[in-house]
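Below: one structure, written as structure tokens.
The values are calculated or read from the model by the stated rules, or taken from the named source; none is laboratory data. Since this is a predicted model, take the numbers as computed values, not measurements. A quick note on method: Cβ atoms are made from the backbone with ideal geometry, for glycine too, and the neighbour counts reach across all protein chains shown.
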Amino acid sequence: MTGNSVHSDSVLDAARRQRELRALGDGAAIDVLVIGGGITGVGVALDAAARGLRTVLVEKHDLAFGTSRWSSKLVHGGLRYLASGGVGIAHESAVERDILLTRTAPHLTRALPQVVPLLPNIGAAQKLLVRTGFVAGDVLRRAAGTSSSVLPRSRRVAAAEALRLAPTVRRAGLRGGLLAWDGQLVDDARLVVAIARTAASHGASILTRVAATEVSGEQATLVDQLTGETLTVTARSVINATGVWADQVDPSIELRPSRGTHLVFDAAAFGGLTASLTVPIPGSTSRFIFAFPAAHNRVYLGLTDEEAPGPVPDVPHATDSEIDFLLDTVNTVLREPLTRNDIRSTFAGLRPLLRTGGDSTADISREHAVLTSPTGVITVVGGKLTTYRKMAEDAVDAAVTHSHLTASPCRTKRLPLVGAVSGAARDRIPAPARLVERYGSEATAILELAERDPALAAPVAPGIDVTAAEFVFAVRAEGALDIDDLLDRRTRIGLVEDDRRAAEPAAKAAFEQ
């Protein structure tokens, strides 16, 4: 398709979508029908396909359309869950973080330092709690088998190093900082696309813009959102991985979504931030907000945890109170306060939490659940992005048991995603570092496109670090079907409205190549 660096079996494009939809219409047998194209759904599709099961995934919109593109882009080790006694989920998170960082997606993940500045507003008791938590994080890291060469151990740092990592922190009264390390994704939506393509390389059909209605444990009516055509398919097992919309597919479950909101800034507003600036929330012993470097020379500041009752919107929005909360909290440690005028954009996502009683959503367990409805639909819900692989494994195990499927054991602990490369091999890829971070070993395919058509080497808009070749690659290999797919999910250009407008002509042109 674009050279030797891309395996044709992993290519997702409009032609493959049409071909595989036609095969479904001809009555192709299905072992597992997965509904939902977020991180959990594509994880289920990969797990099932890698076990040799005939797998079809349908998604009403695009890959990573929902919560999976609105995360903090962090690969958490589960430290927060220790504070509430969640040793099991904390360990599970640390194990899954190690798998992502070292085996399945080393090209899309990296170690991120996180620094808590020790200012006068952090007293001795809170300092001790943070330090104890970081030491517990070290224990989690070692128990998960993660080397200190991958994630260094925590330590105290001098004021000069704290300021090097977070230059806009207040200098007056700064007594140094506490430093720990966690994982960070280059981008959550890019991870979803990589998993989907890996599933496709193992034979799964990945069908976006296809809605599922009238779902039971053995069949569903599929509606092509592009043509309006419908077809009914039968499957030996149906897995509902629709996240915050799970109760619309399986009414027997009850969700209690919570909203997590982030603010988007130009990197210049934080003066060259190279760590996650971690700020304790006043009055809490276990919750923090974070400001961290992100793609396209931006900084994201989050995270809230607010109940979100009522109908689930396709695109959630930040509230004024959340914006004020994040600004007020981060300004407790900054030399020059940030204001609303500094905000370039906001984004918010809904966590699909199971209703478990009267606790606040901040206290509801993030453990996932696999449930079988009275109709036989298997629903996987809850959990978090870091543990998607284990969620998928548990869901496929349940499907195999429930429907008596003949399948190989789970393989995804050691199954590298498309583009996966690490260490010295990554350093030897003859491509710019920003491309290697986004595409791994497939970075050379972007360069090959630009070599064949030098116009594709140009940025999609002035000041934006995405080339036209990346847009073309997303159309030809990553399943992008319209300009929103390019701007909002294959890249994050669309988060800032001015950047979106500037890049739209190049996005439209990518479909004419």
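Observations
- Across region 14-49, the qualifying residues are those that are part of a helix (DSSP H, G or I) and among the β-branched types (Val, Ile, Thr), and the one among them that is farthest from the chain's Cα centre (by Cα) is Val44.
- Meets criteria (at pLDDT below 85 and either assigned by TED's automatic domain parsing to the domain that holds Ser441 or in contact with a strand residue (DSSP E or B) (Cβ under 8 Å, 6 or more places away or on another chain) (or both)) for Gly88: no
- Residue within region 485-508 that is touching an Asp or Glu at 6+ places or on another chain (Cβ under 6 Å) and of a type in the set (Asp, Glu) present: yes
- Residue list for region 374-395, restricted to those being in contact with a helix residue (DSSP H, G or I) (Cβ under 9 Å, 6 or more places away or on another chain) and closer than 18 Å to Val215 by Cα: Gly376, Val377, Ile378, Thr379, Val380, Val381, Ala395
- Region 137-153 residues that are assigned by TED's automatic domain parsing to the domain that holds Ala275 and at pLDDT 95 or above, paired with ones that are of a type in the set (Asp, Glu) and not in a helix (DSSP H, G or I) (beta carbon under 7 Å, 6 or more apart): none
- Within region 393-416, residues that are touching a residue at least 60 places away in the same chain (Cβ under 8 Å) reach partners that are of a type in the set (S, T, N, Q) and crowded, with 18+ Cβ neighbours inside 10 Å with beta carbons closer than 6 Å, at six or more positions or on different chains, in the pairs Ala399/Ser237; Ser403/Ser237; Pro416/Thr104.
- Failed criterion for Arg156 (all others in (1) touching a residue at least 60 places away in the same chain (Cβ under 8 Å); (2) part of a strand (DSSP E or B) hold): (1)
- Among residues that are buried (at least 16 other Cβ atoms within 10 Å of the Cβ) and part of a loop (DSSP other than H, G, I, E, B), Thr102 is not included.
- Which listed residue is in contact with a Lys or Arg (Cβ under 6 Å, 6 or more places away or on another chain) and either part of a loop (DSSP other than H, G, I, E, B) or surrounded by fewer than 21 Cβ atoms within 10 Å (Cβ to Cβ) (or both), from Ala398, Ala431, Ala407: Ala407
- Across region 495-513, the qualifying residues are those that are surrounded by fewer than 20 Cβ atoms within 10 Å (Cβ to Cβ) and within 22 Å of the chain's Cα centre (by Cα), and the one among them that is nearest to Ser71 (Cα to Cα) is Val496.
- Taken over region 218-235, residues that are buried (at least 19 other Cβ atoms within 10 Å of the Cβ) and outside any strand (DSSP E or B) amount to 1.
- Within region 26-50, the set of residues being surrounded by fewer than 24 Cβ atoms within 10 Å (Cβ to Cβ) and either within 27 Å of Ala318 (Cα to Cα) or not hydrophobic (A, V, I, L, M, F, W, C) (or both) comprises Asp26, Gly27, Asp31.
- Residues in region 198-205 include at least one that is modelled with pLDDT of 95 or more, under 24 Å from the mean Cα position of the chain (by Cα) and not small (Gly, Ala, Ser).
- Any hit, region 62-72, residues being hydrophobic (A, V, I, L, M, F, W, C), touching a residue at least 40 places away in the same chain (Cβ under 8 Å) and not in a loop (DSSP other than H, G, I, E, B): no
- Selected residue (criterion: nearest to Leu178 (Cα to Cα)) from residues of region 135-152 that are out of contact with any strand residue (DSSP E or B) (no Cβ under 7 Å at 6 or more places or on another chain) and assigned to a helix (DSSP H, G or I): Val135
- Taken together, the criteria place Leu163 among residues that are surrounded by 20 or more Cβ atoms within 10 Å (Cβ to Cβ), over 22 Å from Leu101 (Cβ atoms) and free of Cβ contacts under 8 Å to residues at least 40 places away in the same chain.
- Pairs meeting the criteria (first residue in region 230-259 and over 26 Å from Gly27 (Cβ atoms) and touching a residue at least 12 places away in the same chain (Cβ under 8 Å), second residue among the small types (Gly, Ala, Ser) and in a strand (DSSP E or B), beta carbons under 6 Å, at least 6 apart or on different chains) are Arg259/Ala348.
- In region 476-513, the qualifying residues are those that are touching a residue at least 40 places away in the same chain (Cβ under 8 Å), among the basic types (Lys, Arg) and assigned to a helix (DSSP H, G or I), and the one that is farthest from Ala455 (Cα to Cα) is Arg489.
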